[in-house]
Amino acid sequence: MSICYIRRVQSHLITILTPFKNTADFLPACIESIQNQSYKNWELLIIDDGSTDNSFDIVNTYSKLDNRIKLYRNSGHGIIDALQFAFSKSNGNYITRMDSDDIMTPNKLETLINSLVSHGKKHVAVGLVKYFSEQGISNGYFKYEKWLNTLTSQGKNYSEIYKECVIPSPCWMVHRTDLIACDAFNPNRYPEDYDLTFRFYQHNLKCIPCDAVLHHWRDYSSRTSRTHEHYAQNYFLDIKLHYFLKLDFDDSRPLTVWGAGFKGKTIAKKLVESNIPFHWICDNPKKIGKDIYDQTLKSFEFLNELKRPQSIVTVANSKAQNEIKAYFDTQSMLPMQDYFFFC
């Protein structure tokens, strides 16, 4: 990369949006990782969302020494209000988020903005993430990290968007105008990061492949995504079904729901409440033939009676998922068109 190119890119202002609440133990490492970026032309809009510890005082000390750090108190309540408020105060043409308990790698901002400058608008720059924790990383988070990074390294994040959030909330960057076109942080819908990811997908912002770890994601027992009700499973299912019906559902085709566990029942109930007809498939002989929510559970063989069905799969068992996918392959069915894994 030429020196001229580096200087040209450094002329762009990046806005970093960071809400915080009671993260005093982690804020110094977070802020210093931003200050140590190879890319220097940034502003940090950092919003106190009602901290009761000394978080505000810690950030205030940094903001007095570095005028790129702009500290405010949330004018509303909660992370969505904080993000809306931060964005309203922002000046950068490139927007990214940061969590107050995480750490940036030194080249994070430079890598993300170089990707966006190179590819232009209608793109979202992403990077690999790595979990860290004093207690060690659980197998579930390790699998999520591996799955997420595999998608990101290929830029195929949307290919499995109905499984989980495929763009980590603190590791993306977009053009300001693209974020506004996606309605920024205005929708009051949780989990807010997953909702925004779906809106990137809806507006066809292409993910730029990246094979570098750019973000260290801290895990601990009191982390918001572990403890707040807005990040419970039912909220994730609400968002998945909302966007499936809005973006990918073809009401001219029969709809099937696979699985009668918690997720399957939740999806089925919501479809019933929305007066959307569907067929419910189950491989549990104790449930086949029974009615739940006035819907009769049917065996796998019933699929032979359907012409060009769309399928929502809520079966979590990995072996069963592979068997289901193998069946779809025999029927020449395509993911994100004919079938959608919701777990």
Query raised in the report: So how far, in whole Å, is the C-alpha centre of the stretch 295-335 from the one of the stretch 164-186?
Result: 33 Å
Report summary line: Ordered by fewest other Cβ atoms within 10 Å, a rough proxy for footprinting exposure, PHE340, PHE198 read PHE340, PHE198
Requested in this report: Would you calculate, for the chain, the mean residue ellipticity at 222 nm contributed by helices, counting each DSSP H stretch of 4 or more residues as -39,500 (n - 2.57) and dividing by all residues, to the nearest 500?
Outcome: -10500 deg cm²/dmol
Report task. Determine, for THR296, THR152, THR52, the number of other Cβ atoms within 10 Å of each Cβ, and report the residues in order from fewest to most. Result -> THR52, THR296, THR152
Query raised in the report: For the chain, what Kirkwood radius comes out of the mean inverse Cα-Cα distance, in Å?
Result: 21.6 Å
Query raised in the report: Given labels modelled 7 Å from the Cα in the Cβ direction, how far is it in nm from ASN234 to LYS286?
Result: 2.4 nm
Query raised in the report: In nm, what is the difference between 0.36 nm times the number of residues separating ASN67 and ASN317 and their Cα-Cα distance?
Result: 84.9 nm
Query raised in the report: Can you tell which of ALA268, ALA181, ALA125 shows the greatest fluctuation in a Gaussian network model of the chain with Cα springs below 10 Å?
Result: ALA181
Query - Residues listed by number, the stretch 114-138, amide nitrogen under 19 Å from THR177 label point at 7 Å toward C-beta - result: 114-125
Query raised in the report: Under 20 Å from the 7 Å Cα→Cβ point of HIS203, by amide nitrogen: which residues of the stretch 42-66?
Result: 45
Query raised in the report: What percent antiparallel are the DSSP beta bridges of the chain, to the nearest 5?
Result: 20 percent
Query raised in the report: What is the magnitude of the charge dipole of the chain about its Cα centre, with +1 placed on the Cβ of each Lys and Arg, -1 on the Cβ of each Asp and Glu, and no other charges, expressed in debye to the nearest 20?
Result: 580 debye
Report task. Express in nm, to one decimal, how much length is gained between SER38 and ASP294 on full extension, taking 0.36 nm for each residue of separation and deducting their alpha carbon distance. Result -> 86.2 nm
Query - Electrostatic dipole magnitude of the stretch 249-341 [Cβ: Lys, Arg +1; Asp, Glu -1; Cα centre; debye, to 20] - result: 280 debye
**Report entry** Contact order relative to length of the stretch 3-231, as percent, for alpha carbon pairs under 8 angstrom and 6 or more apart
**Finding:** 24 percent
Query - Within straight-line cross-link reach of LYS21, lysines at Cα separation under 23 Å, skipping those fewer than 8 residues along the same chain - result: LYS64, LYS70, LYS89, LYS130
Report task. Set Lys and Arg Cβ to +1 and Asp and Glu Cβ to -1, take the dipole of the stretch 3-231 about its Cα centre, and tell me which of ALA24, ALA125, GLN37 lies farthest positive. Result -> ALA125
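Coordinate-derived values only; no laboratory data. Source: prediction; values computed, not measured. Glycine also receives a Cβ, built like all others from the backbone with ideal geometry; neighbour counts cover every protein chain displayed.
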